[in-house]
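Data first, discussion second: the structure below is written as structure tokens.
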Amino acid sequence: MQSDESAIPQSDPLMLFEVWYAEAKESEPNDPNAMALATASEDGLPSVRMVLLKGHGPDGFVFYTNAESRKGEQIRANMRAALLFHWKSLRRQIRIEGPLEEVSSAEADAYFHSRPRVSQIGSAASDQSRALPDRQVYLDRVTALEERYPEGDIPRPPHWTGFRLSPRRIEFWQDRQYRLHDRRLFVRDAAEEAWSDTLLYP
């Protein structure tokens with residue numbers, strides 16, 4: 001029989017996230033910042049996809065996207081989302097839920113221009129999620145931007161931006177043998193901004 005002590009301590013959940021994330025960066029072979037992002041349309045139709053965490057701190061968790069993509073349209077219609085980190089090397093998961101807000105233009109500019117130049121061009125050339133008649137059409141747009149801007153940064157398209165999820169619920173999940181897993185849920189009080197926590201049955 002396993003220990004009766006939880007593997008997930010009572011703690012500040014944002015500090016605990018930092019600890020687990022640091023360990024994931026040491027153990028995950030690819031993209032420890034990969035997370036599933038779940039959004040829903042105005043009428044509740046859900047959709048999920050993998051994105052990359054590009055910033056985090058006391059204010060929340062930041063990712064970037066084309067706001068005219070399917071995910072961007074859903075976010076505009078329903079400014080709430082859920083995130084899921086799954087680190088197989090550590091046999092851990094973290095689920096995060098909360099409202100979204102758009103980052104400032106300065107933040108979006110700074111991140112966009114921190115990317116490799118080819119990535120900037122690829123994003124500027126893409127009508128993300130929309131029908132593409134032929135891959136060559138996209139590659140031609142990439143070439144045209146390379147020729148138009150032979151040096152330096154590419155202007156950030158106004159519809160390419162970031163969103164910050166402000167966490168209201170954070171659940172930590174730790175695998176244990178025989179599916180006797182550990183789960184601890186932290187919930188933030190909207191009025192006091194304080195966290196309460198409880199263990200959950202696996």
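The values are calculated or read from the model by the stated rules, or taken from the named source; none is laboratory data. Quick caveat, the model's predicted, so the values are computed rather than measured. Note that we place each Cβ from the backbone using ideal geometry, even for glycine, and neighbour counts take in every protein chain shown. The area values use the complete protein model at the heavy-atom level, side chains included, leaving out ligands, DNA and RNA. Shrake-Rupley method; radii C 1.70, N 1.55, O 1.52, S 1.80 Å.
Once you put a point 7 Å from the Cα of GLU147 and another 7 Å from the Cα of ALA191, both along the Cβ direction, what distance in nm separates them?
Result for the modelled spin labels: 6.4 nm.
Keeping all protein chains in position, work out how much accessible area SER114 exposes to a 1.4 Å probe, and write it in Å² to the nearest 10.
Surface open to solvent at SER114 totals about 80 Å².
Which residues among the stretch 68-105 fall inside the zone where the amide N is under 20 Å from a point 7 Å beyond the Cα of LEU180, along Cα→Cβ?
Counting only backbone N, you get 91-93.
Binning at 10 angstrom from zero up to the longest distance, how are the C-alpha pair distances of the stretch 95-168 distributed in percent?
17, 40, 29, 12, 2
Using only the heavy atoms of the protein chains and a 1.4 Å probe, how would VAL19, VAL48, VAL62 rank by accessible area, largest first? Working shown, then result.
On the way: VAL19 75, VAL48 95, VAL62 10 Å².
Listed by decreasing accessible area, they come as VAL48, VAL19, VAL62.
Using the beta-carbon distance between ARG168 and MET15 and R0 = 25 Å, what value does 1/(1 + (r/R0)^6) give for FRET efficiency, to the nearest 0.05? Working shown, then result.
On the way: r = 17 Å, r/R0 = 0.68.
For R0 = 25 Å, the calculated efficiency reads 0.90.
Calculate, for the stretch 3-53, the solvent-accessible area per residue in square angstrom, rolling a 1.4 angstrom probe over the heavy atoms of the protein chains. Numbers along the way, then the final one.
Values: 3000 Å² over 51 residues.
It amounts to 59 Å² per residue over the stretch 3-53.
Given an 8 Å cut-off on Cα distances and at least 6 residues of separation, report the relative contact order of the chain as a percent. Don't jump to the answer; show the numbers that get you there.
Numbers: 331 pairs, mean separation 44.8, N = 202.
Reported as a whole number, the value is 22 percent.
Length gain on complete extension for the stretch GLU101 to VAL118, per 0.36 nm per residue less the alpha carbon to alpha carbon distance?
Working: separation 17, 0.36 × 17 = 6.12 nm, distance 2.76 nm.
Extra length from GLU101 to VAL118 when fully extended: 3.4 nm.
Compute the Rg to Rh ratio over the stretch 53-118 from the alpha carbon atoms, using the Kirkwood formula for Rh, and round to two decimal places.
1.00
How much accessible area per residue does the stretch 75-165 have, in Å², with a 1.4 Å probe?
Details: 5210 Å² over 91 residues.
That works out to 57 Å² per residue.
Pop out the carbon and sulfur fraction of the accessible area of the stretch 43-202 as a percent, whole number, probe 1.4 Å.
Working: 4620 of 9170 Å².
Summing carbon and sulfur atoms, their accessible area is 50 percent of the total for the stretch 43-202.
How large is the helix-only mean residue ellipticity at 222 nm for the chain, computed as the sum of -39500 (n - 2.57) over DSSP H runs with n ≥ 4, divided by its residue count, in deg cm²/dmol to the nearest 500?
Working: 5 runs with 54 residues, N = 202.
Result for the chain: -8000 deg cm²/dmol, rounded to the nearest 500.
Dividing the convex hull volume of the alpha carbon atoms of the chain by its residue count, what do you get in Å³ per residue? Please list the in-between numbers first.
Details: hull volume 31.6 nm³, N = 202.
Cα-based convex hull of the chain, divided per residue, equals 156 Å³.
If each of LYS88 and ARG70 carries a label point 7 Å out from its Cα toward its Cβ, how far apart are those two points in nm?
Label-label distance for LYS88 and ARG70, simple model: 2.4 nm.
Under a GNM of the chain (C-alpha, springs under 10 Å), which listed residue has the highest mean-square fluctuation: GLU28, GLU147, GLU171?
In this elastic network of the chain, the residue with the biggest mean-square fluctuation among GLU28, GLU147, GLU171 is GLU147.
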